[in-house]
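Chemist: First the structure, which I've put down as structure tokens, then a few questions once you've had a look.
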Amino acid sequence: MIKNGSDHIAMLRDGREVYLDGKRVTDVTTHPAFRNSIRSYANLYDFQARPENAAKMTFQPDGVDRSVSRIWQLPTSYAELVERRQMLEAWSELHYGFMGRSPDHVASCISGMFMGIDVFEAADPARAGALRDYYRYARDNDLFLTYVIVNPQANQSKTAHEQEDKYLAVGIVDQDAEGITVRGAKMLATSGIMANEVFCSCIQPLREGDEMYALSFAVPMNTRGLKVMSRKSYEANATSVFDNPLASRYDENDAVLYFDDVKVPWERIFVAGDIGLCARQFHATPAHVYQNYQCQVRLMVKLRFLVGLALKITEINGTNGFPQVREMLGQLCAEAGMVEAFVCGMEAKGRVVNGYYVPDRSMLYGSQVLTQQLYAKVLNSLRELAGGGMIMLPSSIEDFANPMLVQIIEKTQKSPACSSEDRVKFFKLAWDAVGSEFASRHNQYEMFYAGATFVTKGHAYRTYDWASASGLVDQMLGSYSLRDELAALPRAA
């Protein structure tokens, strides 16, 4: 049976150690800070479990007697990659692109690591075997994975082993025949409270002396000693779905994970103390490409949603006929279309590596550089189109329970395109997407989702086809010479 929403919710009632506002949460599936977002993730599984969606959302791996989610598919051709992307796109449309760490993200990372299993084999066959077995286990059980691959910021001028607290970041305490014991913190466990397991590693560059932090492993979220410290919940602070239609249902949450002497068995360890392999697991395999390709598919859907908001703002305000407004809408259309073109381009320019079809790295990183700058620009365009419309709204849904206030709302919330109630409803949505605390978090999130901007620009520089570009310049320079030009000049009498 394909995993459905009820299955996922039941899996989260596992005694995980989650803390919010100084107290332990006994059941995340019923707590008002998390229950609606968990339900939104459950909706993804319900959608894929419907018989009419089976062909798009699932596939049957070789050697497996049943279908599983297509998030675990390992494409071997362009057609299979597009098939997988259509599944990712369908899921993104269910949360409008606002759940950045949905189950397809880390699944894409682990699948990419599996595609590069030869990198692990060359370093340590035992660790390669652990990864191979874990990929199949996660796939066959359709696990929802989050990851923590960034160390706490602390003193960023120092490497991991130079920090004042040796175990600020997750590091090896000891190891024996059964596995390793780890201690320390990691961030950002986005959607960790809603996930089944966590993949813990380090994507930041490690230096000589950092061997104890060169780790890669996966454990269940209810592992003994694993403490989950939630940030402020926007869902808990949403007064109603009407007032906060996004924050109330799509707050994927972020958390710091603290590993308090957690024992990790060898069969779940993919890297242990190897700085080189810790970096190669992402960049020498398709992992980094596949996880960030998924990000761009999700962002493509999210921008499509924001452009739809922009158009509706102008229709509700009656400004969609103004030439200057149509110019702004045209610019937004071009920007959203550019991201979609990048997605299609990285698919079309992909190539087969070790039998698997991998999206084009250069186009992927080019897209990331531009979209990190683009998201805030799109939000500012929506602000400009809306003016004060997103601010001057009734304080909450409770205003509609007062007949006297309803009469004032009907007089002051006028629109040529809809009723006063629908106008308020729409601009509450627009504010939640553009200006609320939930929206502000998304602005920051999209800016740093792929890392600091200098990191993505470095990836773009590293993967660009410089030989082709400089070759064109050399070809042009080789098409003429000073000697030939001088020889062609008229000779003096």
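Chemist: At pLDDT below 95, more than 26 Å from the chain's Cα centre (by Cα), in a helix (DSSP H, G or I) and not β-branched (V, I, T): does that describe G389?
Modeler: Values: at pLDDT below 95: yes; more than 26 Å from the chain's Cα centre (by Cα): yes; in a helix (DSSP H, G or I): yes; not β-branched (V, I, T): yes.
It is true that G389 is at pLDDT below 95, more than 26 Å from the chain's Cα centre (by Cα), in a helix (DSSP H, G or I) and not β-branched (V, I, T).
Chemist: So, S381, is that one among the hydroxyl-bearing types (S, T, Y), over 20 Å from T456 (Cα atoms), outside the structural domain of P245 (by TED's automatic domain parsing) and at pLDDT 95 or above or not?
Modeler: In short, yes.
Chemist: Using beta carbons and a limit of 6 Å, which pairs, at least six apart or on different chains, have the first residue in the stretch 380-402 and without any contact (Cβ under 8 Å) to a residue 12 or more places away in the chain and the second one part of a helix (DSSP H, G or I)?
Modeler: Close Cβ pairs (under 6 Å, with a partner that is part of a helix (DSSP H, G or I)) amount to D399/L405.
Chemist: Kindly check whether there is at least one residue in the stretch 236-249 that is among the charged types (D, E, K, R), in contact (Cβ under 8 Å) with a residue 24 or more places away in the chain and not assigned by TED's automatic domain parsing to the domain that holds G389.
Modeler: There is at least one residue in the stretch 236-249 that is among the charged types (D, E, K, R), in contact (Cβ under 8 Å) with a residue 24 or more places away in the chain and not assigned by TED's automatic domain parsing to the domain that holds G389.
Chemist: Next question. Provide a single number: the residues in the stretch 354-370 that are in contact with a helix residue (DSSP H, G or I) (Cβ under 6 Å, 6 or more places away or on another chain) and part of a helix (DSSP H, G or I).
Modeler: Qualifying residue count for the region: 9.
Chemist: So which of S415, S420 is within 30 Å of A334 (Cα to Cα) and either of a type in the set (A, V, I, L, M) or touching a helix residue (DSSP H, G or I) at 6+ places or on another chain (Cβ under 6 Å) (or both)?
Modeler: S415
Chemist: So, one more: Just checking: which of the strands (runs of 3 or more DSSP E) contained wholly in the stretch 143-234 hold 1 or more residues that are in contact with a helix residue (DSSP H, G or I) (Cβ under 8 Å, 6 or more places away or on another chain), over 17 Å from G273 (Cβ atoms) and assigned by TED's automatic domain parsing to the domain that holds R16? Walk me through it before giving the result.
Modeler: Details: elements: 145-148, 171-175, 179-186, 197-201, 215-220, 226-230.
Once the strands (runs of 3 or more DSSP E) in the stretch 143-234 are filtered for at least 1 residues that are in contact with a helix residue (DSSP H, G or I) (Cβ under 8 Å, 6 or more places away or on another chain), over 17 Å from G273 (Cβ atoms) and assigned by TED's automatic domain parsing to the domain that holds R16, what remains is 145-148, 197-201, 215-220, 226-230.
Chemist: Select, from Q86, Q48, Q60, Q73, the only residue that is within 30 Å of R280 (Cβ to Cβ) and polar (S, T, N, Q).
Modeler: From the options Q86, Q48, Q60, Q73, the qualifying one is Q73.
Residues are listed down the side, and each one gets a yes or a no for (1) in a helix (DSSP H, G or I); (2) at pLDDT 95 or above; (3) surrounded by fewer than 17 Cβ atoms within 10 Å (Cβ to Cβ):
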residue: S37; (1), (2), (3): yes, yes, no
residue: E52; (1), (2), (3): yes, yes, yes
residue: D62; (1), (2), (3): no, no, yes
residue: I71; (1), (2), (3): yes, yes, no
residue: R84; (1), (2), (3): yes, yes, no
residue: F98; (1), (2), (3): no, yes, no
residue: D104; (1), (2), (3): yes, yes, no
residue: C109; (1), (2), (3): yes, yes, no
residue: F120; (1), (2), (3): yes, yes, no
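Chemist: List pairs: first residue in the stretch 431-442 and acidic (D, E), second residue part of a helix (DSSP H, G or I) and surrounded by fewer than 21 Cβ atoms within 10 Å (Cβ to Cβ) anywhere in the structure, Cβ distance under 9 angstrom, at least six positions apart or on different chains.
Modeler: Pairs that qualify, where the first residue is acidic (D, E) and the partner is part of a helix (DSSP H, G or I) and surrounded by fewer than 21 Cβ atoms within 10 Å (Cβ to Cβ), are D432/A439.
Chemist: May I ask you to list the residues in the stretch 204-240 that are at pLDDT 95 or above, among the β-branched types (V, I, T) and surrounded by fewer than 20 Cβ atoms within 10 Å (Cβ to Cβ)?
Modeler: T223
Chemist: Say we look at the stretch 452-470 and pick out the residues that are more than 18 Å from A284 (Cα to Cα) and of a type in the set (G, A, S); which of these is farthest from the chain's Cα centre (by Cα)?
Modeler: That would be S470.
Chemist: Can you pull out the residues in the stretch 4-15 that are in contact (Cβ under 8 Å) with a residue 24 or more places away in the chain and surrounded by fewer than 21 Cβ atoms within 10 Å (Cβ to Cβ)?
Modeler: Listed by number, the residues that qualify are N4, G5, S6, D7, I9, M11, D14, G15.
Chemist: Moving on to the next point. Do the conditions hold for S381, that is, is it under 30 Å from F282 (Cβ atoms), touching a helix residue (DSSP H, G or I) at 6+ places or on another chain (Cβ under 8 Å) and among the small types (G, A, S)?
Modeler: When the stated conditions are applied, S381 does not pass them.
Chemist: Here's a follow-up. Which residue pairs have Cβ atoms closer than 6 Å, lie 6 or more positions apart in sequence or on different chains, and pair a first residue in the stretch 408-430 that is within 22 Å of R383 (Cβ to Cβ) with a second residue that is assigned to a helix (DSSP H, G or I) and small (G, A, S)?
Modeler: Close Cβ pairs (under 6 Å, with a partner that is assigned to a helix (DSSP H, G or I) and small (G, A, S)) amount to Q413/S420; F427/G389.
Chemist: Any residue that is in the same structural domain as F426 (by TED's automatic domain parsing), buried (at least 19 other Cβ atoms within 10 Å of the Cβ) and small (G, A, S) - is there at least one of those in the stretch 265-279? Steps first, please.
Modeler: Here is the first cut: in the stretch 265-279, the residues in the same structural domain as F426 (by TED's automatic domain parsing) are none.
No, because not a single residue in the stretch 265-279 is in the same structural domain as F426 (by TED's automatic domain parsing), buried (at least 19 other Cβ atoms within 10 Å of the Cβ) and small (G, A, S).
The values are calculated or read from the model by the stated rules, or taken from the named source; none is laboratory data. If you're wondering where the values come from, they're calculated on a predicted model, not measured in any experiment. Glycine also receives a Cβ, built like all others from the backbone with ideal geometry; neighbour counts cover every protein chain displayed.
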